[in-house]
Each structure stands twice: as structure tokens, then as C-alpha cells.
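The values are calculated or read from the model by the stated rules, or taken from the named source; none is laboratory data. These numbers come from a predicted model, not from an experiment. Note that each Cβ is placed from the backbone with ideal geometry, even for glycine, and that neighbours are counted across all protein chains shown. Protein only, heavy atoms only, side chains kept; ligands, DNA and RNA dropped before computing areas. Shrake-Rupley method; radii C 1.70, N 1.55, O 1.52, S 1.80 Å.
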Amino acid sequence: MIEQKDKLPRKLNWGILGAARVNERLMPAIIEASNSKLIAVASRRKGASAEIINKYAANTQGINTYDDYESLLQNSNIQAVYIPLANHEHVEWTLRAIEHGKHVLIEKPMALTVADIESIEKAAKINKVKVMEGFMYCFHPQHSRVKAIIDSGLIGQVRNTHSSFSFMMRPARIYRLAEDVSKGGGAMWDIGPYAIHTSRMWFEEPPKSVIAQAKFVESGADITTSGIINYGDGKFAHFDVSFEHARQSEYTIIGTKGGIKCHTTWQLPGDVPVISWWTEDGKITEERLLSANHFNLEIEHFSDCILSDKEPLLSLLDAKENCALIEAILQSSKSGVAIKLENKSHIK
């Protein structure tokens, strides 16, 4: 007879480095996931860890708090950490976490250069831990439905995409414009990763070149960036990201026989996902799908990968390819010329 304790699901013990606003979504996700447990939260701002626990996890007991990151990393009970720190701090603290033998989920962008991601990859291999970039949207079932429609041949061959991600900047978020793009400031490093990622995943070919324009503020951060990624043979991905446009998180895919639109990529709990598609012969359909919490699904997926020793859906190669494109986009937006990407083919 199997004892009751053997029937209980295994749980991955998590820690969080930083009291960022995104914890409003990630902290409940770790607590609610069937295969994870939140052990500790650390912040360099004294008392901030307890503050966000009271705000987002008031009914959860036994979460440890630390006023420095190193103490959390030294906690041997913690197996994985989530890192939602400022963009330019991701690499430093990911490498430190890896050195302590922790698996790491890093809020996008994973890093600001491909070289830094390669350093993370090397360290992860040496320490035998898993690392994944935090694109929670990928785990929402609506994107699987989009892929199924494309795979069915309904819209033909994909020829063009358009991704738009934006929101009006509020005073509480002005810190996103405080640093130059070289330090991870601005719209391109903040919401741009979504626009590029939702463009890339529908093309089988690697990108050939990119051209972009941007509006920069005094700090050197971009507040609006728009551009075109050339995938060759007349295939293009258009994108725009902005902190001075009304809220959008959508993408459209145009094929040779029709098109598909995902109306809201940033799904909140309880939102009803809407996908619309149309074809050359005049069919127009709007599908309303079941609600899902992509943060919860992301945590469950990464926890399962660690507990079952499986590779994460989002690979480090994927992170390098997304980063390489963003680096090229920012280079183009400053130089005013198209940047060829053939030299990025070394990414492996």
C-alpha cells in the first residue's frame, strides 16, 4: 500500500529577488500553482519584502523575508528563483543565483546583449541548472489556437505580421525612462521584447535585416520605436512599441489566403481571449476562448521542467535570437540605416 505522503504532488521551492510591480501577478502564480511553493522574498529596500507579501499574499503563511539578495540565495531550501529586477541587473543576479545552484526564471529581457546570454548559458551548463526567459504570454492557449489555424492552411503561407504593444506612461512608471537604452531603459527593452517575440514565432526563416526609427528622451531612453524586420522573399514583420500610445497588446498575421488577429496578448485573470480570422473567400470569424492565467501556466511549466528534468519551452537560443534583433533595432534607430543580420547567424 502506498503511503498518503507519496501521493502528494512534488513542489518546487521558489524565492523572488526584488519587490517589483510584476509580483502582483507572479507571487500569486507561485502560490497557486500545484507544483510550486513560495519560500522567500528579498528586497534591498528594508521592509519591502514584507510589504508585498502583505499586499499580494496576505493569506499565505511561512514566507521568509530578506533585506538583501545574497541571504536568499544562501537559503539551501530554495531551488528556483524568479528575477524581476531592473533590466541591467538581470545578468549579475542570474549568474549569482546559478553559482548557488538555483534554477532561474528571468523576467524579460533576459539580458541586454547576446554575449551576456551566452555567459548565462555557459554557467547554467556548468552548474546543471535550467534558465528561462519570462515570456508568460507564450503559455496562454490562445496562441496555440492561432498556430493551429495557421497549420491548418486556412490563411495560406505567412507573409506579413504586425505587432503593437503600448500604454500611456504614468508617473508611477516613469522610472522606465530614467536610463539610456544601453542600460535597459526605454520602451524597446520594456515592452519591445513582446513585439519582437510575437513577430518572430510565425516565421520559419531567420531575419535578414531590420530598419527602425525611434523618439528618444533626454536620458537616452526611447519612448516610441517602430520598425520593419525583413525575413526575405517579401516577408516582413512590422512592429511598434510606445509609452505615449493608448494601451495595445495585439498582433496580426497576414497570409496568402487570409489573416488572423490576436486582440489582447496581455491577458488579465478573467479576461476573455478573442481571436478573429478571415479568408479570401469572404469568411469572417471571431472566436472567444476560455479564460486562462498565463502567469500560473508559466510557473507550472517551469516548475515541472525542473522537477521532471525536462527542457523549458523557451530555450536560451530563443532568448539569444530575440536579444540579437533588439540590439539591431536599437542600432538602426540611432544610425538611421538598415542593419543586416546575416552576421547573427553564428548564434547557436
Radius of gyration and Dmax over the Cα atoms of the range 1-133, both given in Å: 15.1, 54
For a quick protection proxy, order the peptides 202-214, 168-180 by their average other-Cβ count within 10 Å, most packed first. 202-214, 168-180
Pairs from K37/K320; K320/K340; K235/K320; K11/K130; K108/K334 whose Cα-Cα separation, in the structure shown, is over 27 Å: K37/K320
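So with the 1.4 Å probe, I'd like the accessible area per residue for the chain, rounded to whole Å². The partial results should precede the final answer.
Details: 16120 Å² over 348 residues.
Result: 46 Å² per residue.
What ratio of Cα Rg to 2.2 N^0.38 Å holds for the range 82-209?
Values: Rg = 17.0 Å, N = 128, 2.2 N^0.38 = 13.9 Å.
My calculation over the Cα atoms of the range 82-209 gives 1.22.
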Share antiparallel - DSSP beta bridges, the chain, percent rounded to 5: 60 percent
Note the angle between two axes, namely the Cα long axis of helix 23-32 and the longest principal axis of the Cα atoms of the chain, as a number of degrees from 0 to 90, rounded to the nearest 10. 60 degrees
How large is the Rg to Rh ratio of the range 199-335 when both quantities use alpha carbon positions and Rh follows Kirkwood? 1.00
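Working with all protein chains in place, sort E70, E342 by solvent-accessible area computed with a 1.4 Å probe, largest first. Write down the numbers at each step before the final one.
Values: E70 55, E342 100 Å².
From most exposed to least exposed: E342, E70.
Select from the range 231-324 those GluC sites (Glu not before Pro) which occupy a DSSP coil region and have at most 14 other Cβ atoms within 10 Å, ordered by residue number. Don't skip to the answer; put the middle values down first.
Details: sites: E244, E250, E280, E286, E287, E298, E300, E321; in loops: E244, E280.
Passing sites in the range 231-324 are E244, E280.
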To the nearest 10 degrees, the tilt of helix 316-335 (Cα long axis) against the first principal axis of the alpha carbons of the chain is 50 degrees
Mind jotting down the three principal axis lengths of the range 204-247 based on Cα atoms? Whole angstrom, largest first. 38, 23, 14
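Got a number for carbon plus sulfur as a percent of the chain's accessible area, 1.4 Å probe?
Working: 8070 of 16120 Å².
The value for the chain is 50 percent carbon and sulfur by accessible area.
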Given all pairs of distinct Cα atoms, the range 121-278 yields a Kirkwood Rh in Å of 17.0 Å
The range 24-91 - Debye-derived log10 I(q)/I(0), Cα point model, q = 0.20, 0.24, 0.26 Å⁻¹: -0.87, -1.25, -1.43
If one builds a Gaussian network model of the chain from Cα atoms under 10 Å apart, the most fluctuating residue listed among S152, S36, S182 is S152
For the Cα atoms of the chain, what angle does the longest principal axis make with the long axis of helix 90-99, in degrees from 0 to 90, nearest 10? 40 degrees
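The chain: Rg/Rh from Cα coordinates, Kirkwood Rh?
Details: Rg = 20.6 Å, Rh = 21.1 Å.
The Rg/Rh ratio comes out at 0.97.
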